[in-house]
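All remarks here apply to the structure that follows.
The values are calculated or read from the model by the stated rules, or taken from the named source; none is laboratory data. Predicted, not measured: the structure shown is a model, and the values here were computed from it. Note that we place each Cβ from the backbone using ideal geometry, even for glycine, and neighbour counts take in every protein chain shown.
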Amino acid sequence: MPAMEDIMVDPPASGQRIDPVSYFGAPGDVELEIGCGKGGFLLRRARECPQVRLLGIEWANKYYRYAADRMARWGVDNVRIMRTDARNFVLHHLVPECLTALHVYHPDPWPKKRHHKRRLFQPDFAAVATAALKRGGRWAIQTDHADYFEWICDVMARQDDLESIPFDDPSYGVVDNRVQTNFEIKYLREGRAVYRLAYRKR
Ligand SMILES: C[S@@+](CC[C@H](N)C(=O)[O-])C[C@H]1O[C@@H](n2cnc3c(N)ncnc32)[C@H](O)[C@@H]1O
């Protein structure tokens, strides 16, 4: 049974490039979830697919600790959680072609125009994250924010190495178009629209 400390991993040192498989005991497929919040998706995915290694990145200390504690209580040993800025991690630390899937569900929308530069989805981020996917790797995105959805579509359309695929895919933890994150559950209960995208790296 893993302890919380076994699940929490330190961010890489400045200038260090890493293959996240090194955070796990054995080689195999690695999926990354950015902004994993309380870890609802990670936990379900980890329990359904014990053969997959899952790294969650979460900036807020409260949620980072909550999610790590939750994984420890469930005894899942195929999850690691890192507290860091995911944009910086992807841009400066990930090696190319190391991920079989990237999950980004309900990224902060930063609705005010003057804050748009803080949005996760920017052309440089999308290019480097695409490079971090293995060939055939999948990138799934979901947001409840119509304006951010359009923005994301524009950014992603510039990634020539990606092709659109259906979002619904039980082999990646999406059943009936649901990923069952905290935000998804809350927003669907409130009757809000949810926008979804998925891509495969050619
Ligand atoms: C709106 S919440 C969604 C949480 C979860 N994905 C869900 O759907 O329930 C966005 C999460 O992303 C985290 N976050 C925002 N920007 C981040 C960044 N640059 N790096 C890591 N985490 C970030 C926030 O702390 C927050 O927990």
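Brief remarks on what is shown
- Any chance Ala26 is outside any loop (DSSP other than H, G, I, E, B) and closer than 27 Å to Asp169 by Cβ: no
- Members of segment 156-174 found to be within 16 Å of the ligand (Cβ to nearest atom) and either polar (S, T, N, Q) or part of a helix (DSSP H, G or I) (or both), listed by number: Tyr172
- Reported count of residues in segment 14-36, each being surrounded by 22 or more Cβ atoms within 10 Å (Cβ to Cβ) and either within 16 Å of the ligand (Cβ to nearest atom) or more than 21 Å from Leu91 (Cα to Cα) (or both), is 6.
- For Gly39, the stated conditions do not hold, so it cannot be described as of a type in the set (Gly, Ala, Ser) and either surrounded by fewer than 17 Cβ atoms within 10 Å (Cβ to Cβ) or more than 21 Å from Val175 (Cβ to Cβ) (or both).
- Subset of segment 107-155 that is among the polar types (S, T, N, Q) and farther than 22 Å from Arg192 by Cβ - its residue that is nearest to the ligand (Cβ to nearest atom): Gln122
- Filter result for Glu190 (out of contact with any helix residue (DSSP H, G or I) (no Cβ under 6 Å at 6 or more places or on another chain) and more than 30 Å from Ala13 (Cα to Cα)): yes
- Residue list for segment 99-114, filter: surrounded by fewer than 16 Cβ atoms within 10 Å (Cβ to Cβ) and closer than 17 Å to Thr143 by Cα: Asp108, Pro111, Lys112
- Residues that are in a strand (DSSP E or B) and either within 13 Å of the ligand (Cβ to nearest atom) or in contact with a His (Cβ under 7 Å, 6 or more places away or on another chain) (or both), drawn from segment 175-194: Arg178
- Per-region count, segment 68-90, residues buried (at least 16 other Cβ atoms within 10 Å of the Cβ) and under 14 Å from the mean Cα position of the chain (by Cα): 10
- Across segment 91-106, the qualifying residues are those that are under 25 Å from Val194 (Cα atoms) and of a type in the set (A, V, I, L, M), and the one among them that is farthest from the ligand (Cβ to nearest atom) is Ala101.
- Hits in segment 97-137 (condition: assigned to a helix (DSSP H, G or I) and either touching a strand residue (DSSP E or B) at 6+ places or on another chain (Cβ under 9 Å) or among the charged types (D, E, K, R) (or both)): Lys113, Arg114, Lys117, Arg118, Asp124, Ala126, Val128, Ala129, Thr130, Ala131, Ala132
- Tally, over segment 37-58, of residues that are within 9 Å of the ligand (Cβ to nearest atom) and out of contact with any helix residue (DSSP H, G or I) (no Cβ under 7 Å at 6 or more places or on another chain): 1
- Filtering segment 115-126 to residues that are crowded, with 17+ Cβ neighbours inside 10 Å and either among the small types (Gly, Ala, Ser) or over 12 Å from the mean Cα position of the chain (by Cα) (or both) leaves Arg119, Phe121, Phe125, Ala126.
- The test for being within 14 Å of the ligand (Cβ to nearest atom), β-branched (Val, Ile, Thr) and modelled with pLDDT of 95 or more holds for Thr84.
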